[in-house]
Amino acid sequence: MASATYDDDNIFAKIIRGEIPCNKVFENEHVLAFHDISPQTPTHVLVIPKGRYVSSDDFAAQASDTEIAAFVRAVGAIARDLGLVDPGYRILANHGRDAHQEVPHFHVHIFGGGDLGRMIKPPQH
Ligand code: 5GP
């Protein structure tokens, strides 16, 4: 299977390389997390792998077991460290056109800090 083409000039690649600043909340060998520049909830953190993965599909298909385990562990640890386990939080990854993925580097959003409502807005037909 051909892997997706990764754009090394995307904004998160620049953040990983330190060319653009971020408000960092977590970093290890495989993962970086930082506050979203345009938060949609009181707490809105983005978790990204340091590897060159375009999307959730690319990450699921191409990342190593070590990278995947590190990523899932990091998401849990970050939410825990942010104090979100007891009140609750939502994790979300947009993939592709229908989900309006804006940045072509795989990322998971962590939303929290208040009542998030139920699920998502359904499509309008
Ligand atoms: P997507 O729609 O791709 O799932 O979400 C991309 C997210 O990245 C958006 O919530 C947007 O606010 C955030 N974002 C875009 N550019 C930057 C940036 O330069 N810094 C940070 N911290 N977040 C960004």
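The values are calculated or read from the model by the stated rules, or taken from the named source; none is laboratory data. Quick caveat, the model's predicted, so the values are computed rather than measured. We place every Cβ from the backbone using ideal geometry, glycine too, and count neighbours over all the protein chains shown. With ligands, DNA and RNA removed, areas are computed over all heavy atoms of the protein, side chains included. Shrake-Rupley method; radii C 1.70, N 1.55, O 1.52, S 1.80 Å.
Assorted remarks:
- Probe 1.4 Å - accessible area at residue 92, Å² to nearest ten: 50
- For segment 89-104 versus segment 38-79, the inter-centroid distance based on Cα atoms is 12 Å.
- Carbon plus sulfur fraction of accessible area for segment 4-125, probe 1.4 Å, in percent: 51
- Protein-only accessible surface at a 1.4 angstrom probe places the residues 16, 78 in the order 16, 78, largest first.
- Qualifying trypsin sites (Lys or Arg not before Pro) for segment 79-120 [loop in DSSP, other Cβ within 10 Å: at most 15]: 97, 118
- About its Cα centre, the chain has a charge dipole of approximately 260 debye under the convention of +1 per Lys or Arg Cβ and -1 per Asp or Glu Cβ, with nothing else charged.
- Local charge for residue 95 was computed over the other residues whose Cβ lies under 13 Å away, with Lys and Arg +1 and Asp and Glu -1, and equals -3.
- Per-residue SASA remark: residue 115, around 150 Å² accessible (1.4 Å probe; ligands, DNA and RNA not included).
- Segment 1-58: trypsin sites (Lys or Arg not before Pro) in DSSP loop, at most 15 other beta carbons within 10 Å: 17
- Look at the alpha carbon pairs under 8 Å that are at least 6 residues apart: their mean separation over the length of segment 1-59 gives a relative contact order of 30 percent.
- Averaged over its residues, segment 58-114 has an accessible area of 57 Å² per residue, based on protein heavy atoms and a 1.4 Å probe.
- Multiplying each eigenvalue of the alpha-carbon gyration tensor of segment 1-86 by 5 and taking the square root yields semi-axes of 22, 17, 11 Å, largest first, rounded to whole angstroms.
- Heavy atoms of residue 27: accessible area, 1.4 Å probe, square angstrom to 10: 90
- Qualifying lysines (Cα of each under 18 Å from Cα of residue 50; at least 8 residues distant if same chain): 14, 24
- When all protein chains stay in place and ligands, DNA and RNA are ignored, the 1.4 Å accessible-area order of 36, 65, 9, largest first, is 65, 9, 36.
- Cut-off under 5 Å, modelled amide H: who pairs with residue 26 long-range: 33
- Whole-number percent relative contact order across the chain, with pairs defined as alpha carbons under 8 Å at least 6 apart: 29
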